[in-house]
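Below is one structure, written out as structure tokens; comments come after it.
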Amino acid sequence: MKFVLSLPLAPAGMEMMEKLGIQWEVGPGLNWEEYPDALLESADALIVRLEKCPESVLRRCPNLKVLGRPGMGFENVPVDYCTRRGIPVVLAPGANARSVAEHALALIFACAKDLKEMDAENRKGNWGIRAQGKQMELAGKTVGIVGVGGIGSLLAHLCRALGMDCLGWSHSRNRARVEDAGCRYGDTLEEVLRESDFVSLHVPLLEETRHFIGARELAMMKPTAFLINTARGAVVDEQALADAVNQGVIAGAGVDVYGTEPADLDNPVFTAPRILCTPHSAALTPDSWARMACAAVEGCYAVCQGREWKGVANPEVWGRKS
């Protein structure tokens, strides 16, 4: 059994491969053209991180049984092509949920307490910034959670502990899941946007969610509200977000993800003073990184052994294999 990795995994994942007796090799880098044919031809499993992996790479892997992603996003891999070939795309569901939920909450805190401006002005000697009155308490405020899956549910739990009201919206219209997470059910996205003091996004990047939040949606929010995005950058129209913040349509934002990554410094969010930007780091705590790596290895190992694995992006592949 041979695993080919585009980049090294967290130490826990590398150790798991050793314990399972998996032969593995790390590729020569992120330029797929530099991968020797012999290396890709030997791969039973290919594990890629956030780098783009096109169909052309997989065509060079005639023995490939599984494609692994140590995370939950899969827009960087050709899932449709994998499904046609009967190749499961293994993900790491739930492995990063706690870290991302905590990061979303940290962005909520930072926005609520105006930490970005407070820090910058204090360093300039502007002691009077402390009395500018932009800070707010979180108790009693409403957080709209758009996408109440594993991460959104955990965020709801954390926010309720602070005395916040949670209003949830499910793109799958799963009312039971929203209410089980302790959220009031929002019948429409518009309702969530209009009522919330913070709107936190937790939806996958699909064709129907690309630029899901644009100028029209931002205009529905309160002028005192903040947008939090730890999902995927392209879920939001970034130019519309920067314009909305700069023009006072909303109070500000906290973002961890970008339409192009590594983030392009020409991205308009970087020039909006009241947008706090982190470098897609929400899931990259050592704890989360270890869980994601182990989940990817375990899932790929199971598939190579002929076992079905639940945590895949294309569960319909099992029907094709039967």
- Is it the case that the stretch 295-303 has a residue that's part of a strand (DSSP E or B) and either among the acidic types (Asp, Glu) or over 30 Å from residue 88 (Cα atoms) (or both)? no
- Message: Looking only at the stretch 210-233, count every residue that is out of contact with any helix residue (DSSP H, G or I) (no Cβ under 7 Å at 6 or more places or on another chain) and buried (at least 18 other Cβ atoms within 10 Å of the Cβ) and tell me the total.
- Response: 4
- Task: Specify the residue that is nearest to residue 100 (Cα to Cα); the eligible residues are those in the stretch 19-54 that are surrounded by 14 or more Cβ atoms within 10 Å (Cβ to Cβ), free of Cβ contacts under 8 Å to residues at least 60 places away in the same chain and touching a Phe, Trp or Tyr at 6+ places or on another chain (Cβ under 9 Å).
- Result: 51
- Query: residue 243: acidic (Asp, Glu), part of a helix (DSSP H, G or I) and either over 14 Å from the mean Cα position of the chain (by Cα) or more than 16 Å from residue 107 (Cβ to Cβ) (or both), yes or no?
  - Reply: yes
- Task: May I ask you to list the residues in the stretch 192-219 that are of a type outside the set (A, V, I, L, M) and within 19 Å of the chain's Cα centre (by Cα)?
- Result: 198, 200, 202, 204, 207, 208, 209, 210, 211, 212, 214
- Residue that is farthest from residue 106 (Cα to Cα), among those in the stretch 278-300 that are among the hydrophobic types (A, V, I, L, M, F, W, C) and open to solvent by 40 Å² or more (accessible area, probe 1.4 Å): 289
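Conditions (1) closer than 30 Å to residue 300 by Cβ; (2) at pLDDT below 95; (3) in contact with a strand residue (DSSP E or B) (Cβ under 9 Å, 6 or more places away or on another chain), marked per residue:
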| site | (1), (2), (3) |
| --- | --- |
| 92 | yes, yes, yes |
| 104 | yes, no, yes |
| 119 | no, no, no |
| 142 | no, no, yes |
| 150 | yes, yes, no |
| 178 | no, no, yes |
| 184 | no, no, yes |
| 189 | no, no, yes |
| 193 | no, no, yes |
- Query: Restricting attention to the stretch 250-259, does a residue exist that is out of contact with any helix residue (DSSP H, G or I) (no Cβ under 9 Å at 6 or more places or on another chain) and not aromatic (Phe, Trp, Tyr)?
  - Reply: no
- Task: Could you identify the single residue in 257, 249 that is open to solvent by 10 Å² or more (accessible area, probe 1.4 Å), in contact (Cβ under 8 Å) with a residue 12 or more places away in the chain and not in a helix (DSSP H, G or I)?
- Result: 249
- Message: Every residue in the stretch 182-205 that is within 16 Å of residue 172 (Cα to Cα), touching a residue at least 12 places away in the same chain (Cβ under 8 Å) and in a loop (DSSP other than H, G, I, E, B), please.
- Response: 183, 186, 188, 202, 203, 204, 205
- Message: Of the residues 14, 72, only one is closer than 21 Å to residue 311 by Cα, buried (at least 20 other Cβ atoms within 10 Å of the Cβ) and in contact (Cβ under 8 Å) with a residue 12 or more places away in the chain; which?
- Response: 72
- Using beta carbons and a limit of 9 Å, which pairs, at least six apart or on different chains, have the first residue in the stretch 272-297 and within 24 Å of residue 229 (Cβ to Cβ) and the second one aromatic (Phe, Trp, Tyr)? 274/226; 277/258; 277/270; 279/258; 280/258; 283/289
- Message: Tell me the residue from 124, 134 that is under 20 Å from residue 277 (Cα atoms) and either among the hydroxyl-bearing types (Ser, Thr, Tyr) or open to solvent by 60 Å² or more (accessible area, probe 1.4 Å) (or both), please.
- Response: 134
- Item | Number of positions in the stretch 81-93 that are in contact (Cβ under 8 Å) with a residue 60 or more places away in the chain and over 22 Å from residue 258 (Cβ atoms) | 8
- Query: How many residues does the stretch 152-175 contain that are open to solvent by 60 Å² or more (accessible area, probe 1.4 Å), farther than 17 Å from residue 226 by Cβ and modelled with pLDDT of 95 or more?
  - Reply: 4
- Please specify each residue of the stretch 11-31 satisfying the condition of being part of a loop (DSSP other than H, G, I, E, B), among the aliphatic types (A, V, I, L, M) and modelled with pLDDT of 95 or more. 20, 22
- Limited to the stretch 268-277, what total is found for residues that are assigned to a loop (DSSP other than H, G, I, E, B) and either farther than 9 Å from residue 242 by Cα or open to solvent by 50 Å² or more (accessible area, probe 1.4 Å) (or both)? 2
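The values are calculated or read from the model by the stated rules, or taken from the named source; none is laboratory data. Treat the numbers as computed from the prediction; the structure is a model and nothing was measured. Neighbour counts run over all protein chains shown; Cβ positions are idealised from the backbone, glycine included. Protein only, heavy atoms only, side chains kept; ligands, DNA and RNA dropped before computing areas. Shrake-Rupley method; radii C 1.70, N 1.55, O 1.52, S 1.80 Å.
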